[in-house]
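The values are calculated or read from the model by the stated rules, or taken from the named source; none is laboratory data. On a predicted model such as this, the values are computed, not experimentally measured, just so you know. Neighbour counts are summed over all protein chains in view; Cβ atoms, including those assigned to glycine, are modelled from backbone coordinates with ideal geometry.
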Amino acid sequence: MENRDYMIRATAGNAMVRGFAVTSRNLVDEARKIHSLSPICAAALGRLMSGALMMGDMLKGDKDALTINVEGDGPIGGLLVTVNNKGQVKGYVKNNAVVLPNNEAGHLNVGGAVGNGTLTVIRDLGLKDPYVGTIQLLSGEIADDLTCYFVESEQIPSSVGLGVLVNKDFSVMEAGGFIVQLMPGATEDVISKLEQNIQNMKSVTDILRDGKTPEDLLGMALDGLDMEITDKMPVEYHCGCDKDRVERALVLLGKDELKSLAEDGEDIEIKCQFCQKAYTFSPKDLKEMQLRAK
Ligand code: ZN
């Protein structure tokens, strides 16, 4: 299917506000197919990937990467998403088959599937140590939790809205969201207008159901604030794994472990967690790797 997923960036209120919005139906559906996700799992991972893509757009360097790790006590068992600043995202959930009744609002119960726990954002900016920020999950609904992360960990007042709609046949109907943030020096007028706009918005899920675009989403959030769209880029699910990378990870198992695997005398198959691609290593490969292992 043609990839219609894209992300926009905008500025508003004399640069006192910035905004991001994304439509991500194709890439969320691709993740659903790769990982055989139940509707709740597709919604949870889809929301996190959509939020992460917009956060990736905030990264400056071409080699910068951002990883979000959600660990909760709910049945999904945790989610992990990695993104770069080129609009490429990948991710997985620990348990892909979670089924729960809808919540009171009639939506997929993502909060119930995630449970209580933590959300950690790791920003790798190519420096010696990555920036790591962890917060307690607010609701497990992902958007609330990312809002909380921005306020607590980065001290940026933000509003995050995310949504994923799933068809009866479990395919993804719509996915997307927005982030708006106040920049330093925002005036009371701008803040109250923004708050009013956000309050008047329907849920992202409901807005997506009406077939709205990222431009529409930001248009609602930034109404009356002279929004100017400054960037638009395609976004996609992209893994980028290869045999060398998997081999380097295997070497980290150490000499003893590799030796015992080689002595089993059978090929081993390693599956990439992000794209499920299988890589096969023969006992001969494993022996050769022992020479490079510690
Ligand atoms: Zn892969």
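Conditions (1) within 16 Å of the ligand (Cβ to nearest atom); (2) surrounded by fewer than 12 Cβ atoms within 10 Å (Cβ to Cβ), marked per residue:
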{"residue": "217", "(1), (2)": "no, no"}
{"residue": "230", "(1), (2)": "no, yes"}
{"residue": "247", "(1), (2)": "yes, no"}
{"residue": "264", "(1), (2)": "no, yes"}
{"residue": "274", "(1), (2)": "yes, no"}
{"residue": "278", "(1), (2)": "yes, yes"}
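Just to be sure before I move on: is residue 105 out of contact with any strand residue (DSSP E or B) (no Cβ under 9 Å at 6 or more places or on another chain) and under 22 Å from residue 272 (Cβ atoms) in the structure I sent?
Judged against the criteria, residue 105 is not a match.
Which condition number in (1) touching a residue at least 40 places away in the same chain (Cβ under 8 Å); (2) away from the ligand (no atom under 16 Å from the Cβ); (3) in contact with a Leu (Cβ under 7 Å, 6 or more places away or on another chain) is the one that residue 221 fails?
Tallying (1) touching a residue at least 40 places away in the same chain (Cβ under 8 Å); (2) away from the ligand (no atom under 16 Å from the Cβ); (3) in contact with a Leu (Cβ under 7 Å, 6 or more places away or on another chain), residue 221 fails exactly one: (3).
For the range 91-135, which residues satisfy the criterion of being surrounded by 15 or more Cβ atoms within 10 Å (Cβ to Cβ), assigned to a strand (DSSP E or B) and not aromatic (Phe, Trp, Tyr)?
Within the range 91-135, 91, 93, 117, 119, 120, 121, 122, 123, 124, 135 meet the criteria.
Have a look at 291, 258 and point out the one that is free of Cβ contacts under 8 Å to residues at least 40 places away in the same chain, more than 16 Å from the ligand (Cβ to nearest atom) and surrounded by 18 or more Cβ atoms within 10 Å (Cβ to Cβ).
258
What number of residues within the range 105-128 satisfy the criterion of being within 24 Å of residue 53 (Cβ to Cβ) and free of Cβ contacts under 8 Å to residues at least 12 places away in the same chain?
Residues that pass the stated criteria total 1.
So which residues in the range 193-211 are more than 21 Å from the chain's Cα centre (by Cα) and either under 20 Å from residue 9 (Cα atoms) or modelled with pLDDT of 95 or more (or both), if there are any at all?
Residues satisfying the conditions are 193, 194, 195, 196, 197, 198, 199, 200, 201, 211.
Mind listing whichever residues of the range 36-65 are of a type in the set (Gly, Ala, Ser) and either assigned to a strand (DSSP E or B) or under 13 Å from residue 84 (Cβ atoms) (or both)?
52, 56, 61, 65
If residue 167 meets every condition in (1) surrounded by 17 or more Cβ atoms within 10 Å (Cβ to Cβ); (2) closer than 18 Å to residue 24 by Cβ apart from one, which number is that one?
That leaves (1) as the condition not met.
Which of the residues belonging to the range 17-46 are of a type in the set (Gly, Ala, Ser) and farther than 14 Å from residue 6 by Cβ?
19, 31, 36, 38, 42, 43, 44, 46
Does at least one position in the range 6-25 carry a residue that is within 24 Å of residue 180 (Cα to Cα), β-branched (Val, Ile, Thr) and either part of a helix (DSSP H, G or I) or under 15 Å from the mean Cα position of the chain (by Cα) (or both)?
So far as the range 6-25 goes, yes, one or more of its residues are within 24 Å of residue 180 (Cα to Cα), β-branched (Val, Ile, Thr) and either part of a helix (DSSP H, G or I) or under 15 Å from the mean Cα position of the chain (by Cα) (or both).
From 86, 33, which residue is surrounded by fewer than 18 Cβ atoms within 10 Å (Cβ to Cβ) and part of a helix (DSSP H, G or I)?
After ruling out the rest, the residue left standing is 33.
Condition first: farther than 30 Å from residue 37 by Cβ and touching a residue at least 24 places away in the same chain (Cβ under 8 Å). Now tell me which residues in the range 261-284 satisfy that.
Of everything in the range 261-284, those that are farther than 30 Å from residue 37 by Cβ and touching a residue at least 24 places away in the same chain (Cβ under 8 Å) turn out to be 261, 262.
How about the range 232-245: which of its residues are within 16 Å of the ligand (Cβ to nearest atom) and either exposed (fewer than 15 other Cβ atoms within 10 Å of the Cβ) or of a type in the set (A, V, I, L, M, F, W, C) (or both)?
239, 240, 241, 242, 243, 244, 245
Please enumerate the residues belonging to the range 18-60 that are free of Cβ contacts under 8 Å to residues at least 60 places away in the same chain and touching an Asp or Glu at 6+ places or on another chain (Cβ under 9 Å).
Correct list: 56 only.
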